[in-house]
Amino acid sequence: HIKNEKKGGAVIFDSGMQREALTRMEIEQSLRLAILDKRFYCAFQPKVDIRTQQVRGIEALVRLRNDDGVIQAPGTFVDLAIELGLIDELTHLVLAEIMRSIDLIDDRFGTGVSISINVAAKQAGNAAFMTSFARALEKTGCPARFIVEVTEDAFVAKTRFQTEVLPVLRSLGVGISIDDFGIGYSSLSALADITADEIKIDRSFIVDIHKRPRSQGILKAIESLGDALGMTVIAEGVEKFEELAYLQAATRIKYAQGFYFSEPVFLEDLESDRRAVSKRSTGSINRPLQ
Ligand code: C2E
Ligand code: MG
Ligand code: MG
Ligand code: MG
């Protein structure tokens, strides 16, 4: 669909391509600047007991603040950060940001709630990074509060993540969670080798679960899998009362996350943050992001 011609060796971009290239460049620049300025924030989303509504833990979801004050969700920059080799630094910054907010976390969600951090599957396979990250978790003084969320792709083969990193994390008491379960590439035989504490059922299976028999079947299967392998099952992306009602009535799944309970929330006023580089408000600060 995109047409480009070569003139004198130069590639002429049409307007669509140019826009795409510029956007990418802008994001790349703001990403590099944000890492230099440590201009990352975390929004926190609770994991809730679906019967008591008690908060079991929270998940830190990274956000980037542009110099014009606009907040970006990770969909716009995490893949780029991976591509540019910046993801490891970003993950360390996320941990630092969590530790900076730890009193606010305890006040808001309950003392000692578990704290989940997302790690890209590619990072998980990087033993050097994971070793330094494990050390950073240990240095917090409360490594057992943390849960590392990795997608199942990290578990497909006997990678160094499984053989070298997992045992270190486990010895520190760090929890392991399989994120977005059900949409990746892990086979059942791979699952047999995984030592994880938690399975997070991908949101795509939860959407309208109350009226989708096939999703219900899959959910039952994952539930049994969790039981058999000793892993806690969490439903991701609960948005509607009907979805929650189905989970409560027809499954033994104990925990869920989703906009129905809470969107990811900021624990401080970003506008007044000392690192905020612009006084301009975009009105987007308190808007839920996905
Ligand atoms: P994830 O770990 O699966 O996180 C869940 C995503 O679903 C979050 O999007 C969350 O805001 C959104 N969500 C939660 N409940 C609902 C719901 O009820 N409905 C809908 N439609 N969405 C819901 P977010 O924050 O944009 O994060 C997207 C992904 O970016 C995450 O997916 C995770 O894979 C990645 N990510 C986030 N923070 C980090 C990080 O610090 N490091 C790395 N490597 N990846 C991160
Ligand atoms: Mg996650
Ligand atoms: Mg997920
Ligand atoms: Mg996801």
Restricting attention to region 32-127, which trypsin sites (Lys or Arg not before Pro) occupy a DSSP loop and are surrounded by at most 16 other Cβ atoms within 10 Å? Lys38, Arg51
The size of the Cβ-based charge dipole (Lys, Arg +1; Asp, Glu -1) of region 215-262 about the Cα centre, to the nearest 20 debye, is 120
How far, in nm, would the chain grow between Thr131 and Asp103 when pulled straight, counting 0.36 nm per residue and subtracting the alpha carbon separation? 7.4 nm
Once the dipole of region 46-205 is set up with Lys and Arg at +1 and Asp and Glu at -1 on Cβ about the Cα centre, which of Gly69, Ile87, Ala124 lies farthest towards its positive end? Ala124
Students often get this wrong: which residues of region 189-227 have the backbone nitrogen under 17 Å from the point 7 angstrom along Cα-to-C-beta of Ala245? 207-213
Past 32 Å, Cα to Cα: identify those pairs from Lys122/Lys211; Lys38/Lys254; Lys47/Lys220; Lys38/Lys220, in the order given. Lys122/Lys211; Lys38/Lys254; Lys38/Lys220
Just how large is the dipole of region 109-265 about the Cα centre, in debye to the nearest 20, putting +1 at every Lys and Arg Cβ and -1 at every Asp and Glu Cβ? 180
Could you work out how much longer the chain between Lys38 and Gln53 gets when fully extended? Use 0.36 nm per residue separation minus the Cα distance between them, nm to one decimal. 2.0 nm
Exactly which trypsin sites (Lys or Arg not before Pro) in region 169-277 are in a DSSP loop and have at most 10 other Cβ atoms within 10 Å? Arg274
Are there chymotrypsin sites (Phe, Trp or Tyr not before Pro) in region 148-241 that DSSP puts in a loop and that have at most 14 other Cβ atoms within 10 Å, and which ones? Tyr185
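Read-outs: derived from the displayed coordinates by stated rules, not from any lab. Keep in mind it's a predicted model, so treat the numbers as computed, not measured. Counting neighbours? That spans all protein chains shown, and the Cβs are built from the backbone with ideal geometry, glycine included.
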